[in-house]
């Protein structure tokens with residue numbers, strides 16, 4: 001039902017098929033149809049009109065982008081999010097190099113200091129990692145980068161920390177040193193106001209992060 005709305009089969013303002021028609025066409029029970037309609041109504045995609053039926057909401061085509069908790073149940077989802085961030089954060093770092101302030105640099109250095117401490121708990125370390133990338137977003141002076149990193153960041157933290165805990169290779173000082181080096185390269189490029197170097201450093205960091213998570217994914221599948 002949701003896909004038929006999102007793909008334009010049912011346009012905003014049009015009436016949905018009746019409950020009986022869905023039961024026949026989809027081969028499901030009335031209870032399933034009612035639950036599906038209730039979920040769509042809760043999401044603002046449809047609305048019930050007394051005595052008339054269920055209609056696609058006029059605002060259905062403008063629904064906000066979402067990544068739900070259910071979509072972060074496995075490592076492949078985290079990998080896909082990292083693939084998205086690869087393109088986003090590369091350009092974001094370049095803008096940060098052009099527009100950053102001294103305060104932005106202080107914020108980035110503060111987060112890297114936390115990341116460099118060997119006695120920091122995994123959850124705190126991952127949160128500092130996300131905060132570092134958010135500081136870069138702020139330095140880009142583009143509010144949409146900040147919103148996107150905030151949106152993605154809080155969704156990446158739980159699964160990333162959970163999956164990283166499963167591999168000893170991603171728990172020690174050597175791993176922390178590798179991550180620290182990648183982050184420092186980004187920071188140095190931004191501090192030097194060198195957009196090309198910032199692009200390269202950010203792309204390297206995100207590409208290496210993808211490799212690490214794909215390696216964990218492969219080890220879990222073997």
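Evaluate the following for residue 98: is it touching a residue at least 60 places away in the same chain (Cβ under 8 Å), surrounded by fewer than 19 Cβ atoms within 10 Å (Cβ to Cβ), closer than 13 Å to residue 187 by Cα and in the same structural domain as residue 206 (by TED's automatic domain parsing)? Outline the logic, then answer.
On the way: touching a residue at least 60 places away in the same chain (Cβ under 8 Å): yes; surrounded by fewer than 19 Cβ atoms within 10 Å (Cβ to Cβ): yes; closer than 13 Å to residue 187 by Cα: yes; in the same structural domain as residue 206 (by TED's automatic domain parsing): yes.
Considered against the rule, which asks whether it is touching a residue at least 60 places away in the same chain (Cβ under 8 Å), surrounded by fewer than 19 Cβ atoms within 10 Å (Cβ to Cβ), closer than 13 Å to residue 187 by Cα and in the same structural domain as residue 206 (by TED's automatic domain parsing), residue 98 comes out as yes.
Check every one of the helices (runs of 4 or more DSSP H) wholly within segment 1-111 and list those with 3 or more residues that are at pLDDT 90 or above. Full working, then the answer.
Working: elements: 2-6, 19-26, 30-42, 75-99.
Result: 19-26, 30-42, 75-99.
For segment 14-32, give me each residue that is touching a helix residue (DSSP H, G or I) at 6+ places or on another chain (Cβ under 9 Å) and touching a residue at least 24 places away in the same chain (Cβ under 8 Å). Show your work before the answer.
Step one: list which residues in segment 14-32 are touching a helix residue (DSSP H, G or I) at 6+ places or on another chain (Cβ under 9 Å), which gives 16-17, 19-20, 22-23, 26, 28-30, 32.
Of everything in segment 14-32, just one residue is touching a helix residue (DSSP H, G or I) at 6+ places or on another chain (Cβ under 9 Å) and touching a residue at least 24 places away in the same chain (Cβ under 8 Å), namely 16.
Under 30 Å from residue 102 (Cβ atoms), exposed (fewer than 15 other Cβ atoms within 10 Å of the Cβ) and at pLDDT 95 or above: is that true of residue 193 in this structure? Please lay out each step first, then the result.
Working: under 30 Å from residue 102 (Cβ atoms): yes; exposed (fewer than 15 other Cβ atoms within 10 Å of the Cβ): yes; at pLDDT 95 or above: yes.
Taking the combined requirement at face value, the residue satisfies it.
Which ones in segment 10-25 are surrounded by fewer than 14 Cβ atoms within 10 Å (Cβ to Cβ) and under 15 Å from residue 59 (Cα atoms)?
11, 13, 14, 15, listed by residue number.
State which residue is nearest to the chain's Cα centre (by Cα) when the search covers only segment 112-134 and only residues that are at pLDDT below 85 and not in a loop (DSSP other than H, G, I, E, B).
Only one residue fits best here, namely 126.
The values are calculated or read from the model by the stated rules, or taken from the named source; none is laboratory data. On a predicted model such as this, the values are computed, not experimentally measured, just so you know. Virtual Cβ from ideal backbone geometry, glycine too; neighbours counted across all protein chains shown.
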